[in-house]
Amino acid sequence: MFKKFLNSNVKFLISITLSVALFLTLIPATLTSASTSSVPKHVLVGYWHNFENGSGTIKLRDVSDNWDVINLSFGEPTSVTSGDIQFKPFNATEEEFKSDVKYLQSKGKKVLLSIGGQNGQVQLKDATARDKFVSSVSNIIDTYGLD
């Protein structure tokens, strides 16, 4: 019995060791490919708030050049379980906003959609909600030309 237990544990340890070894061999390839891309060594990521909260607002195009990735806050659900995500620019027309996104991207910035926020809980409890989530988020990305 002990021998069987020992054999199964040895097999488990060997499989874990091989998995870790395989993972470690992939790290240099990942680092090499990452270092040849345009991502800086240190990336500054932040939120651009698409709402009035008393702290003031700025146009998207006026985000500081120091930021590498701009998360638009927020794509919000129409209800917790619908899967339907909505986003409308707060302080610009749709065309101005699209232009601002292109402007930032032309400077090498990534413009992403952040989903949820303080009150924006999303629960995808079934295939219908999941499909609605995918289609609504894809539509926002396509409409505004987001990354």
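The values are calculated or read from the model by the stated rules, or taken from the named source; none is laboratory data. From a predicted model like this one, the values you see are computed outputs, not experimental measurements. Virtual Cβ from ideal backbone geometry, glycine too; neighbours counted across all protein chains shown.
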* Structure fact -> The lone condition G75 fails out of (1) assigned to a strand (DSSP E or B); (2) at pLDDT below 95 is (2)
* To do: Select from segment 59-92 the residues that are free of Cβ contacts under 8 Å to residues at least 24 places away in the same chain and over 16 Å from I140 (Cβ atoms) and write down the one among them that is surrounded by the fewest Cβ atoms within 10 Å (Cβ to Cβ).
  => N66
* Mind telling me which of the residues S15, S64 ends up being part of a loop (DSSP other than H, G, I, E, B) and either modelled with pLDDT of 95 or more or out of contact with any Pro (no Cβ under 9 Å at 6 or more places or on another chain) (or both)? => S64
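Going through segment 78-119 one residue at a time, which ones are in a helix (DSSP H, G or I) and either among the β-branched types (V, I, T) or at pLDDT below 95 (or both)? I'd like the intermediate steps shown before the answer.
From segment 78-119, those in a helix (DSSP H, G or I) are 94-106; that's our starting set.
Within segment 78-119, just V101 meets the criteria.
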